[in-house]
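Asker: Before we start, here is the structure in question, set down as structure tokens.
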Amino acid sequence: MTRDYQLFINGEFVPAVSGETFESINPYNQEVVACFARGKDADIDKAVKAARKAFEEGPWSRLSGQERCDYIINLADKISEKSKELLPFEVADSGSTFKKAKGDFWLAANQLKYFGHLATTTKFEEILEDLSKPGVSKNYLLREPIGVCGQIIPWNFPLMMAIWKLGPALAAGCTVVLKPAEETPLSAMELAKLIQEVGFPPGVVNIVTGYGEEAGAALVAHPNVDKVAFTGSTEIGRHIMSEAACNMKRVTLECGGKSANIILEDADPDIAIDGSLYAAFFHGGQCCTAGSRLLIPASQKEQWVEQLVERARQIQLGNPMDKNTDLGPLVSQKQLNRVLSYIEKGKSEGAKLLLGGQKPSSEGLEKGFFVEPTIFGEVNNKMTIAQEEIFGPVLSIIPYQTEAEAVQIANDSIYGLAGGVWGRDTERAFAMAKQLRTGTVWVNEYHLISEKAPFGGYKQSGIGREMGPESLYEYTETKHIYVDELGSREKKFWYDTLIKPSSYSATTS
Ligand code: ADP
């Protein structure tokens, strides 16, 4: 039996105004997972009104940091309690492997706790010291919630992306309208149930399922939304940025990547080989941080390539619910077609196909949107597969002659989200990490994102930062309040400048 979900608006579950629905399907077997209300303009308008009311009149932005923290921590605890029960749904809805989804739930609950605590550790009001000019005064710096935030998330980490968005916004005192990806709305709607159970005031969190060009576009265009936070493709990110200009909405964008992962000559093969495959193939490469360009020293080309291909052959494709599966299907037929077309492009532009390159024909995988782990050698950084984000299990190996050339190749990209450097001499690796124009670099590791460290992109990988204290600042406006301490007209800054004492006579009547 299919599960049915309605929109979550003003603390209640309601059908879409149009009454229309859409389905999500399991990328492993193409069975319908659940049916969702198809939110459009009218639903977004209702949700924004509820969020506006909750912001202007409701208690949320006026609660103490500790009170907001308590709600958020309660929600995090509920996620932990429910994770066993909800995990199979996340797997069915997104094609995430059991191993990956388990990690997602654990991380989501912990990250949400961190965001909750930001509500108590952030200084929402500070005194600015030593401001002797322009006058004698006491000065306050206030961090105030931006207001109503529209949040649009992708399908690769459905629950976790919802938490990255909701956590800092709620901690800051904002109210939100969240739109999950149309491919994977299930865990966000289960989250809505938990939000209701925790008893968040109505309208603080609204979740509207629907398509990007309908519900998403309506949210971005809505004149009563103060900020849009988006994670997704760079193409849609650019579009959202220009649409948000209509009423100068604040934007944070976490977009695509084409991250370079650099193996130095002294790298330890025991960790660099598996680490680089993890960088490229984790979640089938459907990660914005994927290390999809692997730069190896030309002098050691044969040995690295041979070991990489050998180890990649051992990656287990299979039913994502099976605890031994390493690699599940891609999220959709559309994504499968997209990845296969990039593979064709790679071949036609002269890259050497070393492994994979097609949909597997093995028994049990027929209905799934699988692509074999694919490795191209002899890739030139100018090729399409080295420049464009593929979002699939496709690794491009690019040999480099010198470390300076490796840096130049790594930075020759419109993206700047992440990167990796592998080397035994960590000082040397660190020196190279500093030269990469990206928001995160891992040395002898990959994909590890800490909730306490800022995460986001340089260049066209995005604007703003998630995680760390910065994540909350992105949901605040800063205000300066100047309180004069002189109190007497003669001592005022303007007394003998603008208003000339000779010609001025104060009227007291
Ligand atoms: P992908 O190409 O990987 O599906 P997208 O960037 O298209 O990634 O989608 C990420 C999120 O952006 C999804 O929630 C999607 O519904 C939403 N989206 C897509 N197009 C638009 C749009 N024109 N306006 C607002 N949101 C959109």
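Asker: Starting at the first residue of region 185-191, write each ³J(HN,Hα) from the Karplus equation 6.51 cos²θ - 1.76 cosθ + 1.60 with θ = phi - 60°, in whole Hz, x for Gly and Pro.
Answerer: Once θ is set to phi - 60°, the couplings for region 185-191 become x, 5, 5, 5, 6, 5, 4 Hz.
Asker: Which distance in Å, rounded to a whole number, links the C-alpha centroids of region 211-237 and region 261-282?
Answerer: Value for the Cα centre distance between the two parts: 36 Å.
Asker: Inverting the mean 1/r over all pairs of different Cα atoms, compute the Kirkwood radius of region 260-452 and quote it in Å.
Answerer: By the Kirkwood definition, the hydrodynamic radius is 16.7 Å.
Asker: Determine the principal axes of the Cα atoms in region 322-410, then give the extent along each, sorted from largest to smallest and rounded to whole angstroms.
Answerer: Projected onto the principal axes, the Cα atoms of region 322-410 cover 46, 28, 20 Å.
Asker: In addition: Return the tail of the calculated pair distribution for region 213-365, meaning the percent of Cα-Cα pairs more than 23 Å apart.
Answerer: Value for region 213-365 (Cα pairs over 23 Å): 52 percent.
Asker: Past the 30 Å Cα-Cα mark, which pairs from LYS46/LYS123; LYS49/LYS479; LYS82/LYS323; LYS165/LYS345; LYS99/LYS459; LYS113/LYS179?
Answerer: Going by Cα-Cα distance, LYS46/LYS123; LYS165/LYS345; LYS99/LYS459 fall outside the 30 Å limit.
Asker: For ARG38, list long-range residues whose amide hydrogen, built 1.01 Å from N in the peptide plane, is under 5 Å from its own amide hydrogen.
Answerer: Here the answer is ALA16, GLU20, THR21, PHE22, since their amide H atoms fall under 5 Å of that of ARG38.
Asker: Sticking with this one: What is the antiparallel percent of DSSP beta bridges lying wholly in region 285-418, to the nearest 5?
Answerer: That works out to approximately 25 percent antiparallel.
Asker: While we're looking at this one, here's another question. Which Cα, out of ALA229, VAL136, GLY212, lies furthest along the positive dipole direction of the chain (beta carbon charges, K/R +1, D/E -1)?
Answerer: Checking the options against the dipole of the chain, the answer is VAL136.
Asker: Sticking with this one: If the only charges are +1 at each Lys and Arg Cβ and -1 at each Asp and Glu Cβ, what is the size of the charge dipole of region 260-452 around the Cα centre, to the nearest 20 debye?
Answerer: 620 debye
Asker: Restricting to bridges with both residues inside the chain, how much of the DSSP beta-bridge set is antiparallel, in percent to the nearest 5?
Answerer: Of the beta bridges lying entirely in the chain, close to 45 percent run antiparallel.
Asker: Right, next: Please list, or write none, the lysines whose alpha carbon is within less than 22 Å of the alpha carbon of LYS491, excluding same-chain residues fewer than 8 places away.
Answerer: Partners within reach: LYS133, LYS138, LYS500.
Asker: I've got another one for you. What is the set of long-range amide H partners of LEU294 at a cut-off below 5 Å, with H atoms built 1.01 Å from backbone N?
Answerer: For LEU294, whose amide H was placed from the backbone, the distant partners under 5 Å are ASN261, SER396, ILE397, ILE398.
Asker: Within 10 Å of each candidate Cβ there may be at most 15 other Cβ atoms; applying that plus a DSSP loop requirement, which GluC sites (Glu not before Pro) in region 239-339 survive?
Answerer: Those satisfying the criteria are GLU265.
Asker: Given the peptides 394-401, 55-62, 488-495, arrange them by the average over their residues of other C-beta atoms within 10 Å, most packed first.
Answerer: Highest mean packing first, the order is 394-401, 55-62, 488-495.
Asker: For the chain, report the % of Cα-Cα distances exceeding 36 Å.
Answerer: Here the long-distance tail beyond 36 Å is 37 percent of all Cα pairs in the chain.
Asker: Then there's this: Only loop residues by DSSP count here, and only those with at most 12 other Cβ atoms within 10 Å; note down the trypsin sites (Lys or Arg not before Pro) in region 205-250 that meet that.
Answerer: none
Asker: Relative to the Cα centre, what is the charge dipole magnitude of region 264-322, using +1 at the beta carbon of each Lys and Arg, -1 at the beta carbon of each Asp and Glu, and rounding to the nearest 20 debye?
Answerer: 320 debye
Asker: For the chain, what does -39500 (n - 2.57) per DSSP helix run (n ≥ 4), summed and divided by total residues, give at 222 nm, in deg cm²/dmol to the nearest 500?
Answerer: Using -39500 (n - 2.57) per qualifying helix, the result is -11500 deg cm²/dmol.
Asker: Rounded to whole Hz and in sequence order, give me ³J(HN,Hα) for region 246-259 from the Karplus expression 6.51 cos²θ - 1.76 cosθ + 1.60, θ = phi - 60°, writing x for Gly and Pro.
Answerer: Once θ is set to phi - 60°, the couplings for region 246-259 become 3, 10, 6, 4, 5, 10, 10, 10, 10, 10, x, x, 9, 6 Hz.
Asker: Could you give the distance between the Cα centres of region 304-380 and region 433-499, to the whole Å?
Answerer: Here the answer is 41 Å between Cα centres.
We did not get these values from a lab; they are worked out from the coordinates using the rules stated. Here the structure is a predicted model, which is why all the values come from computation and not from measurement. Positions of Cβ are generated from backbone atoms using ideal geometry, with glycine treated the same way; all protein chains shown enter the neighbour counts.
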